[in-house]
Structures are given as structure tokens and as C-alpha cells.
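The next block holds one structure in the form of C-alpha cells; read it before the comments.
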Amino acid sequence: MADRQFDSPDALARSLASFLVRLARRCVRQRGRFSLVLSGGGTPLPLYRLLGQEPWRSQMPWAHTWLLQGDERAVPPHDNRSNWALIRATFGDLPLADDHWLRMRGELGALAGARDYQLRLHVWAGGIDLPRFDLVLLGMGEDGHVASLFPGRPAAAVQGALVVAETAAIGQPPVPRISLALPLINAARYRCLLLTGSRKRLLWQQLQQRPTRLLQLPVSQLARPLFCYMSE
Ligand SMILES: O=C1O[C@H](COP(=O)(O)O)[C@@H](O)[C@H](O)[C@H]1O
């Protein structure tokens, strides 16, 4: 699928919300459930806001939907640096059962939080080794990081785990983090990258030429199909 470009974050969010509803309904028809991995950060917030509003709210098959986290900062859930806090506040009051939200427990710290999420994912997936989510939403940092997999860091290269700990205080805000590992992100049926702002769009354009110096960036390691939704 070609990249999708929009004039504004709002136009991007509207188009993506409609795509997401269609995909969710199709997954439920085909397999009886829809699993959506949520990105942290600011870029996906207009999308989350819309999914909690009409007409998308009534169209989403919430009873068969599970919302998971792609990454979290190692802070308590009510801390204003927590991805979870921002996600929940932005979605508002969804008709989603409590056990359909799979929160990363940032309050445990990066190492224990990563172990805890891996165990809970394993149970959630019925004990299979490599769960296949339907869609993973991802933001991208201007340094090419996705989820909390940062360029040159050991966590970004882990192959043998589902969830990894980033133990350094890194990123914005600079804190240790918990992240889905690359093989788990790449096992999903679809990945969708959300990019806003000229610097990220420029990096994405450069990546299309696949220059050797950028091939090691986490964003370059994402498997296809990978949808890219971009706006100013
Ligand atoms: O720290 C993080 O940053 C990235 C990018 O965030 P954005 O605010 O520029 O959209 C985000 O994708 C990641 O989930 C988050 O933990």
C-alpha cells in the first residue's frame, strides 16, 4: 500500500479511524476478535479521541476488541509521563471491558515490567509462543526509534523475547522503558506508522532510498505490510 498523506493531523485521524473500524470488523468476522496495539506519544492522540466519538464509537466492535500497549515509560500509571495515562484520558469512557485493556505496568520498573507484560501476553494469547496482533500502531522519533526501541541500543536487537526492557533513561521524557520486541511487532498482521511534522516526513523519504547508514535504525527493520499515514 502507498503512503497516505494528509493536510492536517485531524484529516489523518479521520481517515485512519475509518480504516481501523473496517479492519476491526473484518478481523472479527474472520477470527472473532480484533487486537490493536496502541502507540504512546502525542501523534496518535487525535485518532484515539475520534475512536471514542461518533460515528466511529458505535461502529467499532468493542465487545470483541482488545487494546494493548506497544511501549511504556517506567513510571506509575498516573504519572504525567505515562503513555497509559495519556491513552486512557484521550479515549475517554469506552464501552470496553476492563480485561480487554492490557496495560504495561510501568510502576514495576523496566526489567520487572517487561517480564510481567511478557507473561501476561503469553496467557492472553492462550500460551502460543509468538502472538499475532491484528494491527500495531507506531509513532516514530526523529532519531528513527519506534515503540521504545532506540537506535544502537541492545533492546532494539533482541530476538528471543516478546517484550524488552530499555534500562537507560532515554528518549523524551528521558526515563527507562518497556517495549514490545521487534519480532513481536513484525509478527503482527499489519503495522501502521503515524508521522507528523516535516522532520519525520523527511527522514521517512530518506528511508525509502534504503541508504546503508539508515538500515540499522529500528524503523528500517519493520516488516511489511507497513502502512504509513503522514501529515503536516
Ligand atoms: O516516547 C515515545 O515517543 C514516540 C514518538 O512520540 P511522538 O510524541 O513524537 O508521537 C512514541 O511512538 C512512543 O510510543 C513513546 O513512548
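The values are calculated or read from the model by the stated rules, or taken from the named source; none is laboratory data. Because the structure is a prediction, the values reported are computed rather than measured. Cβ placement follows ideal geometry from the backbone for every residue including glycine, while neighbour counts extend to all protein chains displayed. Please note that ligands, DNA and RNA were not included when accessible areas were found on the heavy atoms of the full protein model with its side chains. Shrake-Rupley method; radii C 1.70, N 1.55, O 1.52, S 1.80 Å.
Okay, here's what the table says:
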| quantity | calculated |
| --- | --- |
| Leading residue at positive end of dipole, the chain (Cβ point charges), from Val37, Leu193, Leu23 | Leu23 |
| Rel. contact order, % - alpha carbon contacts under 8 angstrom, at least six apart, the chain | 24 |
| Estimated distance in nm for a label pair at Ala89 and Ser198, the labels positioned 7 Å out from Cα along Cα-to-Cβ | 3.0 |
| Length added when fully stretched, Asn186-Leu111, from 0.36 nm per residue minus Cα-Cα | 24.8 nm |
| Ranked by how many other beta carbons lie within 10 Å on average, peptides 210-219, 73-82 from highest | 73-82, 210-219 |
| Chain lengthening between Asp7 and Asp79 when straightened (0.36 nm per residue, less Cα-Cα) | 22.6 nm |
| Solvent-accessible area, 1.4 Å probe, carbon plus sulfur percent, for the chain | 51 |
| Estimated vicinal HN-Hα couplings, Hz - region 125-138 in sequence order (Karplus 6.51, -1.76, 1.60; Gly, Pro = x) | 8, x, x, 6, 5, 10, x, 10, 6, 6, 9, 10, 8, 9 |
| Whole-Hz couplings from phi, Karplus 6.51/-1.76/1.60, listed for region 20-27; x for Gly and Pro | 5, 5, 4, 5, 4, 5, 5, 4 |
| Beta bridge orientation in the chain: antiparallel %, DSSP, nearest 5 | 30 |
| Three-way shape label, the chain, alpha-carbon gyration tensor, a/c 1.5 | rounded |
| For the chain, built as a Gaussian network whose Cα springs stay under 10 Å, the top-fluctuating residue of Ala188, Ala161, Ala89 | Ala89 |
| Distance between modelled label sites at Ser18 and Arg132, nm, 7 Å Cα→Cβ extension | 2.9 |
| Where the chain is the region considered: accessible area per residue in Å², 1.4 Å probe | 44 |
| Phi to ³J(HN,Hα) by Karplus 6.51 cos²θ - 1.76 cosθ + 1.60 over region 151-156, Hz, x for Gly, Pro | x, x, 8, x, 4, 6 |
| Stretch gain in nm, segment Glu54-Ala169, where the contour uses 0.36 nm per residue and the Cα spacing is subtracted | 37.5 nm |
